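The block underneath contains the structure these notes are about, expressed in structure tokens.
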Amino acid sequence: YKGRVVRTKNSIRGMMEVAEEGKAVFLGENQGGYIFPDFMPCFDGMYSVCKLIEFLAREKVKLSDLAAEIPPIRIAKRTIPCSQEQKGLVMRLAIDKLRKTEKIEMIDGLKFWQDGEWALILPETVRPEIHLYAEARTEKRAHLLLDKYQKIIEAIKEG
């Protein structure tokens, strides 16, 4: 549909700031919230439903047909204990260790891309832990990505 993806922080505040700046016509987040800045620079479920119905009518497609086009993906999550004092060190050394061999996106945490799949190292802001997410074509592959990055995190923590 000739759109362009612009990645933002995955937070309500971050998305609303982008909406306010007029840099996007549509914003979506991973929990199913959507923002249409031309209408209002915040989430509105009813407006989102109306826009979906409008799109289906205009394109003359059924929702089930669109859903069938979405390839299956698997997202896995793991939480790793990590002291508040170690979080910064883990992030810095992970960048140093991986920047030459992997594509890193640093919008929210550290996201490592590989062949359309990714892993995200995201420090918890309050609790002494790091969240590790992976998205892959299969559940097994997602867990392999989690294993890979958990080993890196644990090695950094152990010094």
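Which one, [x] 28, 24, 12; [y] 34, 19, 13; [z] 26, 18, 14, gives semi-axes √(5λ) of the Cα gyration tensor in Å as derived from the coordinates shown? Here the calculated entry is [y]. For the range 74-158, taking the reciprocal of the average inverse distance between every pair of different Cα atoms yields a Kirkwood hydrodynamic radius of 12.7 Å. Here's how it looks for residue 118: its modeled amide H is under 5 Å from those of 135, which are all 5 or more places away or on a different chain.
Taking 22 Å as the limit for the C-alpha separation, the pairs 9/60; 87/148; 97/148; 9/62; 62/111 exceed it in the case of 9/60; 9/62; 62/111.
In terms of other Cβ atoms within 10 Å, 58, 137 run from fewest to most in the order 58, 137. Given R0 = 22 Å, the distance between the Cβ atoms of residue 125 and residue 52 translates into a calculated FRET efficiency of 0.10.
Computed from the coordinates by the stated procedures, all read-outs in this text should not be read as laboratory data. Worth saying up front: this structure is predicted, and the values here are computed from it rather than measured. Cβ coordinates were reconstructed from backbone atoms using ideal geometry, including for glycine residues, and neighbour counts include every protein chain displayed.
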